[in-house]
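Below is one structure; the comments refer to it alone.
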Amino acid sequence: MAIDSFAGPPVEVSVACSSFSEQFKLLRLRRAGKQVVISSGLHCTTASVSYWETGRRLPSAPMLGKVIEVLVRLGATRREVDNLCTAWVNERFHRYTIDRAPRRFAGQLSRAR
């Protein structure tokens, strides 16, 4: 049997190791085009969308839910949404635990001596 006979429908592949901002911008460009389309669907400013796309900020958990709803309405696949959520969780974890751990514990270590 030929390998082509096993081929299914084309699947959009996004890089799982890319950041939330990269994946969000890629999805926005594919599905919505301009930032104003996403921002109007989310009832937020285009500045917020810009901050998320540049990696300066992450959307809150409730806002991420709204982002997903809008992207799904615009035709995002389950795989794209899953990858976006995974990237958000990873960045949220690193930003608010690992990256801040040395500063958080520095004061406790100096007081313990």
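What follows draws every value from the coordinates through simple rules; no lab data is involved. As the structure is a computational prediction, the values presented were derived from the model and not from experiment. No Cβ is skipped: glycine too gets one built from the backbone with ideal geometry, and neighbour counts run over all protein chains shown.
Taking the Cβ-Cβ separation of His43 and His94 as r and a Förster radius of 30 Å, what is the calculated FRET efficiency to the nearest 0.05?
Numbers: r = 28 Å, r/R0 = 0.95.
That gives a FRET efficiency of 0.60.
Which ordering of Val89, Val49 is given by a fewest-first count of other beta-carbon atoms within 10 Å?
Working: Val89 13, Val49 23.
Result, fewest neighbours first: Val89, Val49.
Cβ under 13 Å from Ser40's Cβ, Ser40 left aside: what net charge do those residues give with Lys, Arg +1 and Asp, Glu -1?
Values: positive: Arg28, Lys34, Lys66, Arg73; negative: none.
Net local charge, Ser40 excluded: +4.
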